[in-house]
Amino acid sequence: MNVRLSLAVASIALLFGTGHASAQLGGGGADEEQGAASEEGAEEIGKDFNPGELDIDSGMALFQEEGSNGKSCASCHGDEGEDLEGAATKFPKVVDDVYPVGDSSGPDVVNKGETQGEELNPNKAIEGEGVRTLEMQINLCRTENMDAEPWSFSQKHGEDMRHMTIFVKSLSNGEPLDIATDGDAKEYWEKGKEYYWMKRGQLNFSCGTCHVQNSGMRLRGQELSEVRGQYTKFPTFRMKQQQTRLTHTRYRGCNRQVRAHDLPFQHEAYRALEVYHGSLSNGEELRVPGHSL
């Protein structure tokens, strides 16, 4: 895997060395004057080679790995997850009991010494109605069906969770996103909408300031992406970090960029935001992992 990843990084470096990548990132030919880098250009590069696809292989290996009771994800969902085709298009979803894992003791938030490691405690139950994300569902399957430990939700400490999420979502690639926004989900969709449009931080920006009102405009050397279609490619491989990145990692990063306080991974505000943000791409086909700037 390390050899393959090294080859992937080398391939990207070669693209930049030849000028091919810079031409695609600018959205024009190699001889054209280049403007701001665009998400469309990054996606074109990803069509040639996306290092994030290596995480699908890692996720499949984890999918077939047995817990302490001898069961694996594959025991219920098929050797290569064939029974889960289309399942990821429904997440996040509103359920009666959000996260019935462990008990209600222990800290709400854990911090492993790194800001990026701050997350809701994966060993603590979240009781009652609310939004359950795909990451939460994965942990529930591990604890309830495999007698296995829950994985970390964070970007830094949750590599296994990230790879499994990518694998499970990839099983629904080509299927249209269909996140519920009515019935019990409407309340949480409204909360997510409120958070999306709430101006915050020292810059007094909302999510919509950049990705609706000013999408396509230039921010330093980069074009601001349009909101529709964003959610369909997360987790996505980001060229800047040379790593696949989770949806909540992007939410936290955006909050920091507008000089606002970030929230823990799987915080209720982020889960409601995920319902609203994801629903804005309903009908668009999943394409995980994406390839982004």
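The values are calculated or read from the model by the stated rules, or taken from the named source; none is laboratory data. Bear in mind that the values here come from a model prediction, so they are computed numbers and not experimental data. We place every Cβ from the backbone using ideal geometry, glycine too, and count neighbours over all the protein chains shown. With ligands, DNA and RNA removed, areas are computed over all heavy atoms of the protein, side chains included. Shrake-Rupley method; radii C 1.70, N 1.55, O 1.52, S 1.80 Å.
In the chain, helical runs assigned H by DSSP with n ≥ 4 each contribute -39500 (n - 2.57); averaged across all residues and rounded to the nearest 500, the mean residue ellipticity at 222 nm is -11000 deg cm²/dmol.
Farthest toward the positive end of the dipole of the range 211-281, out of P235, V212, V275, is the Cα of P235, where the dipole comes from beta carbon charges about the Cα centre.
Our estimate of slack between S105 and K156, defined as 0.36 nm per intervening residue step minus the Cα-Cα distance, is 15.9 nm.
Under the simplified labelling scheme, the R220-A269 pair shows an inter-label distance of 2.4 nm, with each label point 7 Å from Cα along Cα→Cβ.
In this structure, the amide hydrogen of Q222, modeled 1.01 Å from its nitrogen in the peptide plane, lies closer than 5 angstrom to those of A37, counting only residues at least 5 positions away or on a different chain.
Only sites in a loop by DSSP and with at most 15 other Cβ atoms within 10 Å count here; which trypsin sites (Lys or Arg not before Pro) in the range 231-293 make the cut?
Passing sites in the range 231-293 are K240, R259.
Could you tell me the relative contact order of the chain? Use alpha-carbon pairs under 8 Å, at least six residues apart, and round to a whole percent. Walk me through the numbers before you get to the answer.
Details: 538 pairs, mean separation 65.3, N = 293.
The value is 22 percent.
Taking all protein chains as shown and a probe of 1.4 angstrom, H277 keeps an accessible surface of around 10 Å². Does anyone have the angle between helix 185-197 and the longest principal axis of the chain? Alpha-carbon axes, 0 to 90°, nearest 10? The helix 185-197 is inclined about 40 degrees to the chain.
Take the residue pairs K47/K156; K47/K199; K71/K240; K124/K193 and return only those whose Cα atoms are more than 29 Å apart.
Beyond 29 Å between Cα atoms: K47/K199; K71/K240.
Take D48: with every protein chain present and a 1.4 Å probe, its accessible area is about 100 Å². Probing with 1.4 Å while keeping every protein chain in the model, the per residue accessible area of the chain equals 48 Å².
Amide H contacts of R200: F205, S206, each under 5 Å away and 5 or more positions distant or on a separate chain (H built 1.01 Å from N in the peptide plane; Pro and chain starts excluded). The largest accessible area among S279, S215 belongs to the first residue in S215, S279, and the rest follow in falling order (1.4 Å probe, all chains).
Taking amide hydrogens as placed 1.01 Å from N in the peptide plane, the amide H of R245 sits under 5 Å from those of T236, F237, R238, each at least 5 positions away in sequence or on another chain. Give me the percent of the accessible area of the chain that comes from carbon and sulfur atoms, probe 1.4 Å, all protein chains in place. C and S fraction of accessible area: 47 percent.
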